[in-house]
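Have a look at the structure below before the remarks.
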Amino acid sequence: MGCRHGVCFKRRPVAGFTLIELVIVLLLIAVLAAFALPRFSQLRSEAELAQVQGVAGALQTGVRLAQTVFVSQGHRSRVQNLSGFGEGNVDTNNAGFPIGIDKGNGNENIGRGPSGCAGVWIGVLSAAPSVAHNSAASDYQAYRHNASRVCSYVYRAGGDSANRLNAQLVIQYDSRNGSVQLCGRHPQLPGC
């Protein structure tokens with residue numbers, strides 16, 4: 001017993017963890033980590049899928065809006081610089097679906113060369129995620145294919161470096177019918 005300033009008290013023995021207790025705590029942490037880490041990885045994959053679904057929905061809405069403006073203005077053939085839509089620089093095909101910006105006269109292919117799909121993306125989406133046709137250093141990488149009438153936008157922000165046929169998350173736009181679909185190697189999506 002010890003006394004200070006006229007007050008007496010019992011001293012408690014200093015106690016710590018035993019080696020067995022420490023080992024049990026470490027085992028519990030290891031088991032929790034074994035279950036939590038795969039779930040965190042799955043959450044990231046689900047978040048990326050939701051983000052790409054949102055962009056695909058915005059692209060589909062933009063394509064439909066462009067066609068609505070095209071029809072409401074009474075057009076029946078290709079239009080350069082569709083007025084009343086976006087910045088007024090989107091060109092359409094004969095059905096009113098976007099085929100790029102600064103397309104010029106000529107056929108109904110998407111854009112002028114490989115950068116045409118990036119032009120569709122920029123012209124149709126407001127506040128669009130970054131896109132490039134020749135580099136994976138942006139949020140999305142654009143590919144033009146199927147007789148230059150279809151665009152595939154591969155999601156690159158998550159680190160995927162596969163081509164458009166083997167990527168996890170791909171948004172496809174078909175200028176022939178205005179459809180936008182999500183496809184890829186992600187377990188919740190159909191293949192491209």
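The values are calculated or read from the model by the stated rules, or taken from the named source; none is laboratory data. Since the structure is predicted, the reported quantities are computational estimates derived from the model, not experimental observations. Quick reminder, even Gly has a Cβ in these numbers, built from the backbone with ideal geometry, and neighbours come from all protein chains shown. Accessible surface is based on the protein model in full, side chains and every heavy atom, while ligands, DNA and RNA are left aside. Shrake-Rupley method; radii C 1.70, N 1.55, O 1.52, S 1.80 Å.
For the range 18-66, enumerate the residues that are within 30 Å of T92 (Cβ to Cβ), of a type outside the set (A, V, I, L, M) and open to solvent by less than 60 Å² (accessible area, probe 1.4 Å). Across the range 18-66, the qualifying residues are G54, G57, Q60, G62.
Checked against the criterion of being of a type in the set (A, V, I, L, M), open to solvent by 70 Å² or more (accessible area, probe 1.4 Å) and within 21 Å of H186 (Cβ to Cβ), the range 113-130 has no qualifying residue. Give the number of residues within the range 64-90 that are farther than 19 Å from D174 by Cα and either of a type in the set (V, I, T) or touching a residue at least 40 places away in the same chain (Cβ under 8 Å) (or both). Matching residues across the range 64-90 total 1. Of the residues in the range 173-183, at least one is touching a residue at least 60 places away in the same chain (Cβ under 8 Å), outside any loop (DSSP other than H, G, I, E, B), open to solvent by 10 Å² or more (accessible area, probe 1.4 Å) and of a type in the set (A, V, I, L, M). Within the set R144, R149, the sole residue that is under 27 Å from G84 (Cβ atoms) and in contact with a Pro (Cβ under 6 Å, 6 or more places away or on another chain) turns out to be R144.
Of the residues making up the range 132-150, not one is assigned to a strand (DSSP E or B) and exposed (fewer than 14 other Cβ atoms within 10 Å of the Cβ). Out of the range 100-130, which residues are under 18 Å from V170 (Cα atoms) and assigned to a helix (DSSP H, G or I)? Result: P114, S115, G116, C117, A118, G119, V120, W121, I122, V124.
The set of residues in the range 92-106 being out of contact with any helix residue (DSSP H, G or I) (no Cβ under 8 Å at 6 or more places or on another chain) and either farther than 14 Å from S148 by Cβ or open to solvent by less than 20 Å² (accessible area, probe 1.4 Å) (or both) consists of N93, N94, G104, N105.
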